[in-house]
Amino acid sequence: MVEFIDRFKEWVSERTGFLSGSDKPPKPKKPIERKDGEFEDSLIIFDHYKDAKKVVDDVIPARVSKFDELIRDRGIERGSTILISGGCGTGKTTFGLQSLYNGAMKGEKGIYISFEEEPKKIKKHMKNNFGWDIQKLEKAGKIAVLKFDPTKISRSMEEEILKTSGGLRIPLKKIRLPFVPDRVVVDSLSALSIAFDDKENYRKYIRKLFETFEKINSVNFVLAETEQDPTVYSRTGTEEFLADGVIVLYNLKKNERRENALEILKLRSSDHVKKMVPYKITNNGIEIQG
Ligand SMILES: Nc1ncnc2c1ncn2[C@@H]1O[C@H](COP(=O)(O)OP(=O)(O)O)[C@@H](O)[C@H]1O
Ligand SMILES: [Mg+2]
C-alpha cells in the first residue's frame with residue numbers, strides 16, 4: 001500500500017510539477033534572459049506596453065538631418081510604423097541608427113533589433129564611420145542593440161500555428177524589452193521574411209508585430225532591402241500596405257554617376273513634401289541637401 005501511495009505521489013509529481021511529499025509549489029518558469037545582445041527565445045511580441053501610454057508628446061522627430069522639415073508636423077506620430085525601403089548601400093541602417101543616436105542624445109530611448117548583423121559589428125561600424133558611440137549610450141540605458149534569430153522566429157510561428165490549427169488568435173510568447181522605447185528600428189524585414197517558407201505565416205507575424213508596435217506607442221522604422229530602382233517596396237507587398245508610412249531611399253544613375261535621393265511616398269499622420277529630395281552619406285551620416 002505504501003508503495004502504491006509513493007507511486008501515486010510520483011505520478012502526481014510528474015504531471016503537476018509538485019514535489020512528491022512536499023507542499024512546495026512548482027518552480028516558476030525561468031524568465032527569458034538576454035545574453036550579450038542576443039535573445040535565446042524566438043518571438044518578439046513585447047510585454048510591457050502598459051507603461052507606454054504615459055507620454056505627453058504625440059509626435060517624435062526622426063532627427064535625421066533635415067528630414068523633419070519635410071513633414072508638416074515636424075515628426076512622426078507615436079504608434080506609427082514606417083517602412084524604409086531601398087537598395088543595398090542606400091543608407092537604411094544609417095538612417096535608423098542616426099535617428100536612435102540623435103534621439104538618445106536628447107534623452108529619448110531607442111531599441112535596435114537586428115535580424116542579421118551582430119550587435120558588436122554594428123556598433124563598431126557606426127563608431128568608425130560616423131563617430132557615434134552607441135556602446136556608451138547602451139551603457140547609459142538610452143539605446144539597446146538586440147539580435148534575434150529569424151529562423152527561430154519562423155519555426156516557433158509555425159509551431160504556434162499548428163497548435164492553434166491555423167486560427168488567427170495566436171498566443172505568441174512575449175519578451176520583455178529592457179525599457180519602453182520612444183523609437184524602434186527593425187533591420188531588416190527582408191532578413192526576417194527569407195526565414196519563412198510559408199509567406200502567409202510571415203504576413204501573420206508582421207501583422208502581429210505591427211500591432212504590438214502600435215501599442216508600445218513608439219515611432220517604429222522597419223527597414224526593407226529592395227532592388228536599386230524599386231517598383232515594389234517590400235518582399236510581399238503586405239508591409240507597405242500595413243505601414244503608416246513609406247520612405248524610399250534611391251540610388252539613381254545620372255551621367256555615369258550615382259546620386260542618392262529620398263522620397264516620402266506615404267505618411268498617414270501628416271502632410272509632407274512629395275518630391276524626391278537629394279541626400280549624401282558623409283562622415284556625419286545622412287545629410288539631406290538643399
Ligand atoms: N563616413 C562615410 N562617408 C561616406 N559614406 C559612408 C561613410 N560610412 C559609410 N558610408 C556609406 O554608407 C553606405 C552604407 O549605408 P548602410 O546604411 O549600411 O546602407 P544599407 O543599410 O541601405 O545597406 C555604404 O555604401 C558606404 O559607402
Ligand atoms: Mg543595412
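Laboratory data are not the source of any read-out in this text; all were calculated from the coordinates shown. Here the structure is a predicted model, which is why all the values come from computation and not from measurement. Note: ideal-geometry Cβ built from the backbone for every residue, glycine included; neighbour counts use all protein chains shown.
Can you give the convex hull volume of the alpha carbon atoms of segment 33-288 per residue, in Å³? Before the final figure, lay out each step's value.
On the way: hull volume 31.3 nm³, N = 256.
That works out to 122 Å³ per residue.
If R0 equals 25 Å, the separation of the Cβ atoms of E211 and D271 corresponds to a calculated FRET efficiency of about 0.45.
Which value, in debye to the nearest 20, gives the size of the charge dipole of segment 33-288 about its Cα centre, when Lys and Arg are +1 and Asp and Glu are -1 at the Cβ?
On the way: 46 positive and 41 negative charges, 106 e Å.
About 500 debye.
Report the local net charge at R63: Lys and Arg +1, Asp and Glu -1, summed over other residues whose C-beta lies under 10 Å from its C-beta. Intermediate values should be presented prior to the final figure.
Working: positive: K106, R183; negative: D68, E108.
Spelling it out: positives minus negatives among the neighbours equals 0.
If R0 equals 25 Å, the separation of the Cβ atoms of N129 and I194 corresponds to a calculated FRET efficiency of about 0.45.
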